[in-house]
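This report refers to the structure that appears directly beneath it.
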Amino acid sequence: MCGIVGMTRFDGTAVSRDVLAAMTTTLRHRGPDDEGTWFGGDIAFGHRRLSIIDVAGSHQPMQSVDDRWVIAFNGEIFNYRELRAHLDYPFHTDGDTETILAGLTVHGIAFVSQLVGQFAFAAFDRRDGTLHLVRDRLGVLPLYYWRAGAELLFASEIKAILAGMPHRPSVDHQSLDAYLYGRSVPAPFTLFEGVRKLEAGHRVEIDRSGAERSVRYWTPPDEQPWEGGAPAAVDAVDAAVTEAVRSALVADVPVGAYLSGGVDSSLIVAKASALHTGGPLKTFSAGFGDPRHDELPWARMMSEHVGSDHHEIRVDAADFEALWPMLTWHRDAPMSEPADFAVYRLAQAAREHVTVVLSGEGGDELFAGYPKYKVARAMAAASILPGRFRQGVGERLDAHLPSSLARLRIAMRAWAAPNREDQYRTWFAPFSARERRELLAGLPSRTTSTEVGARDDAIRAMLLADLRSWLPDNLLERGDRMSMAASLELRPPLLDHRLAELAFRLPSNVKVRSGQTKWVLKEVARRHVPAQIVDRPKVGFRVPLDAWFRTSLRDTVRDRLTGSGSFVAQTFDKGAIERMLDRHSSGRFNEEIRIWTLMSLEVWHETFFSAVPEGACESA
């Protein structure tokens with residue numbers, strides 16, 4: 001992957017070369033191999049390159065042979081060779097960037113629908129003066145933009161936009177409620193006032209006058225009748241996963257894979273090991289030294305099963321304190337998941353051996369892998385009770401459920417949510433609606449929607465909600481930033497859009513079947529992965545924060561969240577924060593995810609508004 005930046009003015013004024021240089025330099029961690037710029041008077045592009053395909057060529061930004069189109073491209077197009085074979089164009093490189101240019105030249109912007117891969121790019125049509133910003137279907141790669149008056153800036157990461165702005169923006173207080181709701185801000189908004197995030201599966205057209213038009217070019221297909229029943233569904237998914245992994249292995253540099261010991265990563269490793277050439281596949285795992293959450297033994301089992309060249313790293317509390325500001329700078333946002341630190345450490349370890357790594361993201365969100373999917377229909381039926389009644393009962397129970405009943409507490413919070421869409425979002429919400437109101441103390445908020453269809457069955461609706469926000473705004477954003485912080489390209493084969501379309505065409509009864517979540521994908525895995533791994537309980541990528549927040553991180557947490565210089569303490573209700581910390585310290589209640597959410601926000605504010613973390617840019 002790479003980093004792209006750009007700027008344009010709508011008043012005819014020439015853009016600043018110095019500003020573009022500052023923006024481009026900010027993203028050198030995304031592209032340590034090459035740098036390029038293009039200037040067209042009132043518009044300019046910058047590019048930092050991590051060379052993966054056509055390593056010696058394909059320098060960017062790149063112009064089409066007729067000089068009509070200019071592109072700055074981040075990503076990989078896995079089917080570029082097939083596309084090139086059907087394009088009448090005088091190619092001068094062997095890469096995928098020129099394939100996009102050729103497609104734009106022959107077919108126009110509609111060519112984006114033929115691309116298979118992960119991508120975010122800017123393309124300028126010099127003939128009609130239209131700037132096109134495009135993001136891939138599932139949101140694997142990011143793209144942000146900001147505009148004020150006659151100026152527009154865009155970049156792969158917000159920090160590059162900040163480097164080009166005349167002044168630093170303020171905190172978008174209207175997005176704080178959304179952040180407390182899901183540990184990330186759903187597109188198109190961010191926590192920076194005025195900075196927008198291009199939504200997954202969308203492209204934006206901006207003409208010479210500055211008029212802007214957003215187009216959604218991809219949506220998941222409707223469920224379709226499935227001939228052949230469950231066995232045929234397993235065969236179809238097996239073949240589609242194989243093709244997705246084969247596509248993701250396209251590279252002119254070494255490729256490895258993350259291996260957590262769970263079903264998804266194990267399946268990816270099994271497929272990749274069978275398709276990989278050039279010796280044993282290199283695999284990478286992380287552990288936390290906590291037997292409650294440590295999956296290293298399962299990862300070792302899978303590595304031995306396929307004969308991979310396996311590498312392990314361990315993460316501890318010291319990593320958190322040392323890395324938190326620097327990784328927040330890379331994230332451009334509060335660290336949404338405690339596992340972000342482990343993902344970064346994994347990326348560091350992998351980068352010593354490979355340039356591209358495969359991961360298992362997407363299996364749960366496409367094939368209903370979380371425990372919540374198992375109870376989706378029962379909860380929909382139980383929600384026939386009035387919302388006010390459910391909310392009252394849920395709040396009373398929530399205040400008294402101990403940490404040993406954490407899963408029940410989450411389920412009760414979701415059931416108590418006032419409507420269907422809020423229920424789906426509440427499963428991952430660190431704070432209930434009541435807690436958010438108490439913390440926000442009257443701050444304005446903004447309504448957001450995951451656009452779940454009212455007629456979708458409960459499981460499909462829940463999947464659509466996760467695909468709309470949780471996946472791109474949390475998991476994929478995390479994956480991109482933590483890997484790029486180590487100059488490593490991350491590829492999630494399960495999010496190949498062809499596999500995603502198959503998943504959404506399949507009926508829900510092959511995803512949740514006989515009380516088992518992710519049934520169809522597990523049946524595929526059963527063909528390639530040891531049964532012990534397929535059948536073991538889902539653990540997830542857990543970090544033992546509950547213990548760390550009571551021991552080694554206790555003092556720094558209380559100081560950061562209640563001290564005199566704390567943004568969190570000044571913005572939210574301080575009494576509510578102190579009560580939450582006291583509950584956790586008692587040992588009877590586990591408030592780790594709420595403490596984590598507020599601590600991440602505090603570190604983010606310190607990083608971008610109070611001081612630049614020492615060594616952040618150098619670490620980048």
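Values quoted throughout were computed directly from the atomic coordinates according to the rules given, and no laboratory measurement underlies them. Here the structure is a predicted model, which is why all the values come from computation and not from measurement. Positions of Cβ are backbone-derived with ideal geometry, glycine not excepted, and every protein chain shown enters the neighbour counts.
What you get for the chain, charging only the Cβ of Lys and Arg (+1) and of Asp and Glu (-1), is a dipole of about 1900 debye around the Cα centre. The loop-placed trypsin sites (Lys or Arg not before Pro) in region 165-222, going by DSSP, that have at most 14 neighbouring Cβ atoms within 10 Å of their Cβ come out as Arg208. Annotation note: trypsin sites (Lys or Arg not before Pro) in region 76-167 located in DSSP loop regions with a Cβ neighbour count of at most 15 within 10 Å are Arg126, Arg127. 3J(HN,Hα) along region 466-480: 5, 5, 6, 10, 3, 5, x, 7, 10, 5, 6, 4, 4, x, 5 Hz, from the Karplus curve 6.51 cos²θ - 1.76 cosθ + 1.60 with θ = phi - 60°, whole Hz, x for Gly and Pro.
Averaging the Cα positions of each part gives two centres, and for region 204-224 and region 106-130 these lie 12 Å apart. Placing unit charges on the Cβ atoms of the charged side chains and taking the dipole of the chain about its Cα centre, the candidate lying farthest along the positive direction among Asn419, Trp226, Thr26 is Asn419.
Could you work out [θ]222 nm for the chain from helices alone, using -39500 (n - 2.57) per DSSP H run of at least four and dividing by all its residues? Round to the nearest 500 deg cm²/dmol.
Working: 28 runs with 253 residues, N = 620.
The helix-only estimate for the chain comes to -11500 deg cm²/dmol at 222 nm.
Ordered by the count of other Cβ atoms within 10 Å of each Cβ, fewest first, Met302, Met165 give Met165, Met302. Across region 303-319, computed HN-Hα scalar couplings (Karplus, 6.51 cos²θ - 1.76 cosθ + 1.60, θ = phi - 60°) run 4, 5, 4, 9, x, 7, 8, 9, 9, 10, 9, 10, 10, 10, 4, 4, 4 Hz from first to last residue, x flagging Gly and Pro. Across the cross-link table entries Lys159/Lys197; Lys511/Lys538; Lys282/Lys538, which are compared at the Cα atoms, the separations over 18 Å belong to Lys282/Lys538.
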